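The values are calculated or read from the model by the stated rules, or taken from the named source; none is laboratory data. Worth saying up front: this structure is predicted, and the values here are computed from it rather than measured. Cβ placement follows ideal geometry from the backbone for every residue including glycine, while neighbour counts extend to all protein chains displayed. In case anyone asks, the SASA skips ligands and DNA or RNA and just uses the protein heavy atoms, side chains included. Shrake-Rupley method; radii C 1.70, N 1.55, O 1.52, S 1.80 Å.
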Amino acid sequence: MRKKFIKSILIVFVLITQLSLLKAQTQEIDLSGQWGFQTDLMDFRRGSLDIRYMHRLQESILLPGITDDYKIGYKSPYRHIDRLTRVYEYMGPAWYQREITIPKEWKGKRIFISFERVHWLSSIYVDTKEVSEIDYISVPHNHELTDFVKPGKTHLITVCVDNRYQYNTHKWDHAHSEYTQINWNGILEEMKLVALDPVYIEDMQLYPNVSEHSVKVRMKILNHTHKLVTGKAFFTISGEQYKQTRETMVSGNDSVFYVEDIIALGKDIRLWDEFTPNLYTLQCDLATTTGSTNYQHTQSATFGMREIKADRDNILINGHRVHLRGTVENAVFPKTGYAPVDDASWERILTILKDYGMNHMRFHSWCPPAAAFRTADKLGIYLEVEMPMWGKDAEPDEKRYDFFRREQKAILKEYGNHPSFV
């Protein structure tokens, strides 16, 4: 009996140690703080010798933040009658720069630089080379630096943020116009350097099935080893007085492969709606191997057991008809000029909405940041988000259409697991 007890303790210890190692495989460095800075109204730097000669920027700025916070730009002499007046107007490329040392322990990992909220186009330069550019307006910008940085070396990272209109979009939508939130230039909320093992979960989507008391998990896995990888995905579903585990075999030979599984949750699983916002977390600990080399990655997502259907002119949540009582949010935040990106601010806003007996919020022609979804999940509020577009944006324009298609897919991928995203 004593030997069995000791053996059980050892097994538990090994499992805990393995899970700790799994979590340790993803490493992050916070990049908030002082950065070099320079405006560039004439857009000279992008095509000049400055980047190639690693020219240092002449001023400094604290990030996260926006140029308006530091009175950068043209001081407006006007008092607009059709909108609030932005005190300092700046529209054009602005450059941000910082020396960053890549830890030598990151050798063999995939390395990314991530910004939670950027307005609008961000371009990344490592030393003298341009790495990539991203123009999402509703979701984080994740630039991969792997092929341009060397672990153990210090690199000069230069970021260009360009808040000029990137497409021929209408000037009234609330995602980037001056009419509600301002057309700001900067980087907000999380800024970080991230290192992942070369086999990792690039996307994980959850699809609850209320009638079957189950959730389908669909994962997109990237494999940069150029070899066959095998292993297991360890799933842990947890909530209030609820916990369940399951493991699934994983195998893939391609650079991209998918893993799907349906996890039975039992009849005691509780539903999510405005009255009972029961939340669950699904965590996947991915452990894979190529030969004698082991790789780990952990990904998690919050979800709720809820199902949305339409029955003629009725909206049904979990089979029950919903009376939508709500308001519209036009991104009106005059104190900052941009939508809040922290949980506390959204808790204040959505608690007021809830106190007035309302159950939903429409985001007119824009999509809020992750903090809004996290808070609405917890409070039981239905969020209706929209694309960054206005009426005339439906007119034929293939470049604009392509942007909207990419933006829509990115919004669904980034926020679609949240039960409040209805």
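I'd like to verify a number: residues in region 98-118 that are in a strand (DSSP E or B) and either buried (at least 20 other Cβ atoms within 10 Å of the Cβ) or free of Cβ contacts under 8 Å to residues at least 24 places away in the same chain (or both), how many? Steps first, answer last, please.
Within region 98-118, the first condition is being in a strand (DSSP E or B), and the residues that meet it are 98-101, 110-118.
Restricting the remaining residues to those that are either buried (at least 20 other Cβ atoms within 10 Å of the Cβ) or free of Cβ contacts under 8 Å to residues at least 24 places away in the same chain (or both) gives 111, 113, 115, 117-118.
Matching residues across region 98-118 total 5.
For region 261-268, check the following and say yes or no: at least one residue is open to solvent by less than 30 Å² (accessible area, probe 1.4 Å), outside any strand (DSSP E or B) and farther than 30 Å from Arg362 by Cα. Lay out the reasoning, then the answer.
Here is the first cut: in region 261-268, the ones open to solvent by less than 30 Å² (accessible area, probe 1.4 Å) are 261, 263, 265.
Of the ones still in play, those that are also outside any strand (DSSP E or B) are 265.
If we keep only those that are farther than 30 Å from Arg362 by Cα too, we end up with 265.
Yes, region 261-268 contains at least one residue that is open to solvent by less than 30 Å² (accessible area, probe 1.4 Å), outside any strand (DSSP E or B) and farther than 30 Å from Arg362 by Cα.
Within region 379-401, work out how many residues are assigned to a loop (DSSP other than H, G, I, E, B) and either touching a helix residue (DSSP H, G or I) at 6+ places or on another chain (Cβ under 8 Å) or buried (at least 19 other Cβ atoms within 10 Å of the Cβ) (or both).
Step one: list which residues in region 379-401 are assigned to a loop (DSSP other than H, G, I, E, B), which gives 380-381, 385-390, 395-397.
With either touching a helix residue (DSSP H, G or I) at 6+ places or on another chain (Cβ under 8 Å) or buried (at least 19 other Cβ atoms within 10 Å of the Cβ) (or both) added as a condition, the list becomes 380-381, 385, 387-389.
Looking only at that region, the number is 6.
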Meets criteria (within 18 Å of Leu31 (Cβ to Cβ), in contact (Cβ under 8 Å) with a residue 12 or more places away in the chain and polar (S, T, N, Q)) for Thr154: yes
Positions within region 215-256 being open to solvent by less than 20 Å² (accessible area, probe 1.4 Å), over 22 Å from Pro419 (Cα atoms) and under 26 Å from the mean Cα position of the chain (by Cα), in sequence order: Ile221, Asn223, Ala233, Val250
Counted residues, region 54-85 - those being farther than 24 Å from Thr154 by Cβ and in a loop (DSSP other than H, G, I, E, B): 13
Which numbered condition Phe404 fails, given (1) without any contact (Cβ under 8 Å) to a residue 24 or more places away in the chain; (2) in contact with a helix residue (DSSP H, G or I) (Cβ under 8 Å, 6 or more places away or on another chain); (3) part of a loop (DSSP other than H, G, I, E, B); (4) of a type outside the set (A, V, I, L, M): (3)
Gly47 small (Gly, Ala, Ser) and either modelled with pLDDT of 95 or more or open to solvent by less than 20 Å² (accessible area, probe 1.4 Å) (or both): no
Conditions (1) under 19 Å from Pro208 (Cβ atoms); (2) open to solvent by 10 Å² or more (accessible area, probe 1.4 Å); (3) touching a Gly at 6+ places or on another chain (Cβ under 9 Å); (4) touching a residue at least 24 places away in the same chain (Cβ under 8 Å): number failed by Lys309: (4)
Residue tally, condition surrounded by fewer than 20 Cβ atoms within 10 Å (Cβ to Cβ) and either assigned to a loop (DSSP other than H, G, I, E, B) or among the basic types (Lys, Arg) (or both), over region 360-378: 4
Which numbered condition Leu121 misses (of (1) of a type in the set (A, V, I, L, M); (2) open to solvent by 10 Å² or more (accessible area, probe 1.4 Å); (3) under 25 Å from Gly416 (Cα atoms); (4) touching a residue at least 60 places away in the same chain (Cβ under 8 Å)): (4)
Filter result for Met204 (modelled with pLDDT of 95 or more and open to solvent by less than 50 Å² (accessible area, probe 1.4 Å)): yes
Where a residue in region 322-345 is part of a loop (DSSP other than H, G, I, E, B) and its partner, wherever it lies, is β-branched (Val, Ile, Thr), with Cβ under 6 Å and at least six apart: Val322/Ile315; Asn330/Thr180; Ala331/Thr180; Val332/Thr180; Gly337/Ile182
Residues satisfying the stated conditions in region 124-178, i.e. surrounded by fewer than 21 Cβ atoms within 10 Å (Cβ to Cβ), acidic (Asp, Glu) and more than 28 Å from Thr101 (Cα to Cα): Glu178
